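Remarks on the structure that follows.
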Amino acid sequence: MLRDDILLKPASTKKPAARPYGFPSGGQGWVAGLMSNVAPDLFVDDLETHIIRSYDKVAWGEHWSTYYKSVSKANWLLVQLIVDDLAPRWVEETTGRERFPRLGALLQLLSTCESNAEVSNAAAELWQLLQEDVARGELIFWIRWNGRTWLDEKRPGLAAILEASARISLIGIDVFSLDVLRTADIHPLVLTTALKWIPFIVKSDSPLVHDFGVEVLRLTSCQEAGIEVNAAAISCTPYVMPRSADEVLVAAIVERSSDIAYSAALTALEWAAQSGSFSSAMELQNDQRERLCVAALQRLRYDGEDESETKDSLREALVWCLGALASVSRLDEVVSVLAKSFRRGWGAEDAAAVRAGRLLIKRLNEPAFECMRKMFCGTEGDLSRYVKLLIKGT
Amino acid sequence: MLHQIHRGENCENIRPGDVVFSYKPAVRAWPLHAGIYAGREKPVRPGRGNLEVVGVPDPLSERQNFLGCSNWTATTEYVPSIIGRRVEDADPIQVKEVKIVATAMIRMHRAIGTSCEWKRTRIVSATRYVLDGIGLFEQGTCTHFVEYCYENAGLDLVDQDYTRDPDEPHRIYPATQIHVFLRGSYPLRCQWDSRLRYYPDCLF
């Protein structure tokens, strides 16, 4: 069997050598041997016959699509080894559109994209094109051979390729995305696009999840990357480091600037309400929920009394997320904060208190309602208005 | 309730969540644009002051064709011309929910690295839920975004199952939303009338 460290090796940081990892080149024997070792029931004969014939560049796309369909994701890195071996000779013999007949023109366009709008339009066009299996095969090949170069050249067009590839879960896109996160000094649009798709491309049982966690954690506080990237990385933490993401979020809520704390509070809300793309392995545990709740209350104590308009959004997000975070033991404290926000109504914090109240009722039901009655005690008008609003939104 | 600021009317108290329309008849292709007011309560006088508005697109912000928040004044590309306030049937706090959904949507897009672009067709994600469980608004027009925020606050403006342009069934015209605020009966459910496409024709 091939060693795990070879199979799990992420995309290299430079173009691989013609015969990576010391496998013998050419001939039918090594390919068949390699494949039968790992996937004996997979297309061995076909592979022998056609992948070697892939030097025939015209036929490449069609053949590749056959392999692409039959290769499982687990074997993808093995296929990359084969690609790495065959590609240099093939690439040398072909150029531009001839090499990527389906994608050539679009890749040409992408290479000169500058604005976000251009990139966004190109991503939509590419996504359409990738409905064809042949085009997918070409793109797998292209990413393996040109992705790194575009990354180094800081081309924003690479964001469109990442976007479209992630949308269709292109084989190998997780490995390439990790490569993007690991690269210093790249175009910010490419970096945020890679972060954006993490919840979709990194599964909790992926062997890469730990590596993603390391990179995401680094980006949460990387000053050179900027606040937008910090915030995007913070919002990914529950997906790639579910056991310790609460620590990152707590630190962001308590210590970071209003902007970052606002994003962290909304991420905590999403995680606690399980409204994102969370699998069961990423569920928020009770102790984590408790820590996040304490952090939100703590930040509200600092900034909750600051009436300035600049703190409105932060206050609203903190109040809102309390509804998803409070446990029964914290109900009194949380509901008294909600009641205060509801009565005070700075900015839209009263509306946030209503949305939080709906979450509380949904999660904790009777105890939450009892607590609300107690906290609104003596102000029947407020209680009935609050309850009316709770009902209206459900 | 409708306040036509560009015709000299005052709005005594704009609230977060109210709809602000920009009207520039000289811009023939898109004379109207709509957004959600995201500032605090205050009076609005013709030709004075500025309003913080969330909308798509937001040409005054850094990313031009995308969802964003910026100040509209008498001299900016979008001007506060008409204000629509839902006062007849909704608690003011419920209207504020519109504002927190709108501003949080900008932040969610930034936080997850997505961009919400102006497009003719509306896409609300059926797989990506955000905040307390609402579908992510991925793309659409200015009025799609306004409608989406109001729907998520439980305050539907136009019932598109009943009221829609047969020629462009997925489109919501800003003029139709202006008509809703003028009539003060929500959500709008009536037979399609071609006057609902244009302002000031929609003032009936």
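Some values worked out for this structure:
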read-out	value
Identity of the residue in the range B:134-151, under 19 Å from A:THR267 (Cα atoms) and of a type outside the set (A, V, I, L, M, F, W, C), that ends up nearest to the other protein chains (Cβ to nearest Cβ)	B:GLY135
Strands (runs of 3 or more DSSP E) wholly inside the range B:26-86 containing at least 3 residues that are closer than 20 Å to B:GLY8 by Cβ	B:42-44, B:82-84
Conditions (1) within 11 Å of chain A (Cβ to nearest Cβ); (2) of a type in the set (S, T, N, Q); (3) outside any loop (DSSP other than H, G, I, E, B); number of the one not met by B:SER115	(3)
Residues that are within 18 Å of A:GLY213 (Cα to Cα) and either within 14 Å of chain B (Cβ to nearest Cβ) or not in a helix (DSSP H, G or I) (or both), drawn from the range A:173-189	A:SER177, A:VAL180, A:LEU181, A:THR183, A:ALA184
Residue within the range A:278-287 that is surrounded by fewer than 23 Cβ atoms within 10 Å (Cβ to Cβ), within 11 Å of another protein chain (Cβ to nearest Cβ) and in a loop (DSSP other than H, G, I, E, B) present	yes
Within the range A:190-207, considering residues that are among the hydrophobic types (A, V, I, L, M, F, W, C) and farther than 16 Å from A:ILE161 by Cβ, the one nearest to the other protein chains (Cβ to nearest Cβ)	A:ILE198
The lone exception for B:GLY154 - which of (1) within 14 Å of chain A (Cβ to nearest Cβ); (2) touching a Ser or Thr at 6+ places or on another chain (Cβ under 7 Å); (3) part of a loop (DSSP other than H, G, I, E, B) it fails	(2)
Residue, nearest to B:LEU182 (Cα to Cα), within the range B:71-82, restricted to residues that are surrounded by fewer than 20 Cβ atoms within 10 Å (Cβ to Cβ) and polar (S, T, N, Q)	B:THR73
Positions within the range B:75-98 being within 14 Å of chain A (Cβ to nearest Cβ) and either among the aliphatic types (A, V, I, L, M) or closer than 17 Å to B:ALA38 by Cβ (or both), in sequence order	B:ARG86, B:ALA90, B:PRO92, B:ILE93, B:GLN94, B:VAL95, B:LYS96, B:GLU97, B:VAL98
Test for A:ILE260: is it within 14 Å of another protein chain (Cβ to nearest Cβ), surrounded by 19 or more Cβ atoms within 10 Å (Cβ to Cβ) and not in a helix (DSSP H, G or I)	no
Unmet requirement for A:THR267, which otherwise passes all of (1) at pLDDT below 90; (2) within 11 Å of chain B (Cβ to nearest Cβ)	(1)
Meets criteria (in contact with a Lys or Arg (Cβ under 7 Å, 6 or more places away or on another chain), within 26 Å of B:GLU168 (Cα to Cα) and surrounded by fewer than 18 Cβ atoms within 10 Å (Cβ to Cβ)) for B:GLY154	yes
Residue that is surrounded by 20 or more Cβ atoms within 10 Å (Cβ to Cβ) and either of a type in the set (S, T, N, Q) or within 23 Å of A:ALA265 (Cβ to Cβ) (or both), where the choices are A:VAL216, A:VAL175, A:VAL180	A:VAL216
Residue check, A:GLN223 without any contact (Cβ under 8 Å) to a residue 40 or more places away in the chain, facing chain B (nearest Cβ under 10 Å), farther than 28 Å from B:TYR37 by Cβ and not in a helix (DSSP H, G or I)	no
Tally of residues being out of contact with any strand residue (DSSP E or B) (no Cβ under 9 Å at 6 or more places or on another chain), under 19 Å from B:MET1 (Cα atoms) and buried (at least 23 other Cβ atoms within 10 Å of the Cβ) across the range B:87-100	4
Residue match in the range A:238-245 (condition: within 14 Å of another protein chain (Cβ to nearest Cβ) and of a type in the set (S, T, N, Q))	no
Criterion violated by A:SER327 - all others in (1) under 19 Å from A:ALA352 (Cα atoms); (2) touching a Pro at 6+ places or on another chain (Cβ under 6 Å) satisfied	(2)
Given (1) at pLDDT below 85; (2) touching a Phe, Trp or Tyr at 6+ places or on another chain (Cβ under 7 Å), index of the condition A:LEU284 fails	(1)
Pair list, Cβ under 8 Å, 6 or more apart: the range B:9-25 residue over 20 Å from B:GLU151 (Cα atoms), other residue assigned to a loop (DSSP other than H, G, I, E, B) and among the hydrophobic types (A, V, I, L, M, F, W, C)	B:SER22/B:VAL79; B:TYR23/B:VAL79; B:LYS24/B:VAL79
Of all residues making up the range A:293-320, the number that are within 14 Å of another protein chain (Cβ to nearest Cβ), surrounded by 16 or more Cβ atoms within 10 Å (Cβ to Cβ) and small (Gly, Ala, Ser)	2
Test: A:GLU370 is acidic (Asp, Glu), touching a helix residue (DSSP H, G or I) at 6+ places or on another chain (Cβ under 7 Å) and more than 11 Å from every other protein chain (Cβ to nearest Cβ)	no
Residue check for A:VAL387: within 14 Å of chain B (Cβ to nearest Cβ), on the phi < 0 side of the Ramachandran plot, of a type in the set (Val, Ile, Thr) and more than 33 Å from the chain's Cα centre (by Cα)	yes
Among the residues listed as A:SER165, A:SER120, the single one being surrounded by 21 or more Cβ atoms within 10 Å (Cβ to Cβ), of a type in the set (Gly, Ala, Ser), at pLDDT 80 or above and part of a helix (DSSP H, G or I)	A:SER165
Among (1) surrounded by 14 or more Cβ atoms within 10 Å (Cβ to Cβ); (2) farther than 30 Å from A:THR310 by Cβ; (3) within 14 Å of chain B (Cβ to nearest Cβ), the one test that A:ALA356 misses	(2)
In the range B:104-158, the residues that are aromatic (Phe, Trp, Tyr) and either at pLDDT below 90 or within 27 Å of A:THR220 (Cβ to Cβ) (or both)	B:TRP118, B:TYR129, B:PHE137
Residue in the range B:121-133 that is within 14 Å of chain A (Cβ to nearest Cβ), part of a strand (DSSP E or B), surrounded by fewer than 21 Cβ atoms within 10 Å (Cβ to Cβ) and in contact with a Phe, Trp or Tyr (Cβ under 6 Å, 6 or more places away or on another chain) present	yes
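Let's see how each residue does on (1) within 16 Å of A:SER120 (Cβ to Cβ); (2) of a type in the set (D, E, K, R):
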{"residue": "B:LYS119", "(1), (2)": "yes, yes"}
{"residue": "B:ILE123", "(1), (2)": "yes, no"}
{"residue": "B:ALA126", "(1), (2)": "no, no"}
{"residue": "B:ASP132", "(1), (2)": "no, yes"}
{"residue": "B:GLY135", "(1), (2)": "no, no"}
{"residue": "B:GLU138", "(1), (2)": "yes, yes"}
{"residue": "B:THR141", "(1), (2)": "yes, no"}
{"residue": "B:TYR150", "(1), (2)": "no, no"}
{"residue": "B:ALA153", "(1), (2)": "no, no"}
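The values are calculated or read from the model by the stated rules, or taken from the named source; none is laboratory data. Because the structure is predicted, anything quoted here is derived from the model rather than measured. Here Cβ is always computed from backbone atoms with ideal geometry, including for glycine, and neighbour counts include all displayed protein chains.
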